[in-house]
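**Q** Take a look at the following structure, please.
We did not get these values from a lab; they are worked out from the coordinates using the rules stated. The model shown is predicted, which means the values in this text are computed figures rather than measured ones. When we count neighbours, we look across all protein chains shown, and the Cβ atoms used for this are built from the backbone with ideal geometry, even at glycine.
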Amino acid sequence: MPLPTPLLLSLILFSAVLVSVLVALPGITVSQGGKILAFLVLFVLPLLCMAIGVSSEVERSKSTSFCLSCHVMEPYGRSLRVDDPSYLAAAHFQNHRVPAEQACYTCHTNYAMFGGVRAKMHGLRHVYVQYLGKLPQQIHLYEPYNNRECLHCHLGARSFEEGAMHNADPDLLPAVKANKMSCLSSGCHQVVHNVGQLSNVKVWKGDK
Amino acid sequence: MTDGIVGIEKRLRLAGMLLIFGLLVEAICLLWARPLAFIVLVGAGGFLCAAGIVVYLYSLVSAGRARPQ
């Protein structure tokens, strides 16, 4: 659990002040107490600050505002505000089916083993491409969207298990659960972000 | 012996300076909510703090070596 930023900043500044004291007066490390102080200030506190700082940044990297801070993601941010329930991402975001402050991460992480690590490695690659690489004309997923990510929340939910359309064909739900039939590309929920059509759609102004 | 103490103090000062810069970089990155801040935090801040800690640990080892002489 990362510390709130003001508390973490206070810890960092407190550590920096203590390090400054040691830099100004290195002679105090001659005494036993000074040696213990130096160990705490030059070893324990910086390690603690870095560990908490990195943890805090990793947590922040899950936020919707973090993902949308890159210019290339701006249309995807707008697609969350489309006033049309057939837009899957918008419907999930606006109805809080995913946490609004972690909307991108919730759907685009990987719920398999080490999925969070893989998502963060992809994120690092995105940062590299954003600042040092060549941005693609059109953004694609690394691999076809796996139903596992949908089922992480929907599996067992009444609306999913007992939905009329889902039960119209008895083979449909088993195929969806086995990832043999895609939720998105099989013609059922195919309108997701559709950033190419955003100029023609009405935008929801609420929840700003 | 005095030279040894002066050498240790120099290394402690260097370690302290590296740590101060590393901590300041970390503080700035925490205030700067951009994806690049994460890279700078881990890259520059992490490197400076790690270097400071290594210099401090080296100063301890070198002090241990200097004592028998």
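**Q** How would you rank A:Met50, A:Met73, going from fewest to most other Cβ atoms within 10 Å of each one's own Cβ?
**A** Numbers: A:Met50 22, A:Met73 18.
Ranking A:Met50, A:Met73 by Cβ neighbours within 10 Å, fewest first, gives A:Met73, A:Met50.
**Q** When Cβ neighbours within 10 Å are restricted to other protein chains, what is their mean count per residue of peptide A:127-139? List each step's numbers first, then the result.
**A** Working: counts 6, 2, 0, 3, 3, 0, 0, 0, 0, 0, 0, 0, 0.
Taking the mean over all residues of the peptide, I get 1.
**Q** Which of the peptides A:169-180, A:52-63 is most tightly packed, and how do the rest follow, judged by the mean count of other Cβ atoms within 10 Å per residue? Could the numbers behind the result be given before it?
**A** Working: A:169-180: 12.7, A:52-63: 18.6.
In descending order of packing, they fall as A:52-63, A:169-180.
**Q** Is region A:114-179 rounded, prolate or oblate when judged by the Cα gyration tensor, a ≥ b ≥ c being the square roots of its eigenvalues, rounded requiring a/c under 1.5 and prolate requiring a/b larger than b/c?
**A** prolate
**Q** For each of B:Leu48, B:Leu23, B:Leu31, A:Leu198, count neighbouring Cβ atoms within 10 Å of the residue's Cβ, then give the residues from fewest to most.
**A** Working: B:Leu48 22, B:Leu23 27, B:Leu31 9, A:Leu198 16.
Placing the least packed residue first, the sequence is B:Leu31, A:Leu198, B:Leu48, B:Leu23.
**Q** If amide hydrogens are placed 1.01 Å from N in the peptide plane, which non-local residues have theirs closer than 5 Å to the one on A:Val82?
**A** For A:Val82, whose amide H was placed from the backbone, the distant partners under 5 Å are A:Trp204.
**Q** Kindly write out, for region A:58-72 in residue order, the coupling ³J(HN,Hα) from the Karplus curve 6.51 cos²θ - 1.76 cosθ + 1.60 (θ = phi - 60°), rounded to whole Hz, with x marking Gly and Pro.
**A** For region A:58-72, the Karplus curve yields 5, 5, 5, 5, 7, 6, 4, 5, 5, 4, 7, 6, 7, 4, 5 Hz.
**Q** Mean residue ellipticity at 222 nm from the helices of chain A, using -39,500 (n - 2.57) per DSSP H segment of n ≥ 4 over the full residue count, to the nearest 500 deg cm²/dmol?
**A** About -14500 deg cm²/dmol.
**Q** How crowded by other chains is A:55-61, given as the mean number of beta carbons from other chains within 10 Å of each beta carbon?
**A** 4
**Q** Using just the alpha carbons, could you tell me how many Å³ per residue the convex hull of the protein assembly as shown encloses?
**A** So the per-residue Cα hull volume is 171 Å³.
**Q** Another one. Quick one: A:Val19, A:Val129, fewest Cβ neighbours within 10 Å first, how do they rank?
**A** The fewest-first ordering by Cβ neighbours comes to A:Val129, A:Val19.
**Q** To continue, here is another question. About the Cα centre of region A:28-101, how large is the charge dipole given +1 on each Lys and Arg Cβ and -1 on each Asp and Glu Cβ? Please answer in debye to the nearest 20.
**A** That gives region A:28-101 a dipole magnitude of about 240 debye.
**Q** Name the shape class, rounded, prolate or oblate, that the alpha-carbon gyration tensor gives for region A:1-107, where a ≥ b ≥ c are the square roots of its eigenvalues, rounded holds for a/c under 1.5, and otherwise prolate holds if a/b is larger than b/c and oblate otherwise.
**A** It is prolate, given that a/c is not under 1.5 and a/b is the larger ratio.
**Q** Rounded to two decimals, what is the ratio between the C-alpha radius of gyration of chain B and 2.2 N^0.38 Å?
**A** Numbers: Rg = 15.5 Å, N = 69, 2.2 N^0.38 = 11.0 Å.
Dividing the Cα radius of gyration by 2.2 N^0.38 Å gives 1.41.
**Q** Using a 10 Å cut-off around each Cβ of peptide A:7-17, what is the average number of partner chain Cβ atoms that fall inside?
**A** 4
**Q** Restricting things to alpha carbons, find the Rg to Rh ratio for region A:5-60 using the Kirkwood radius for Rh.
**A** Result for region A:5-60 is an Rg/Rh of 1.08.
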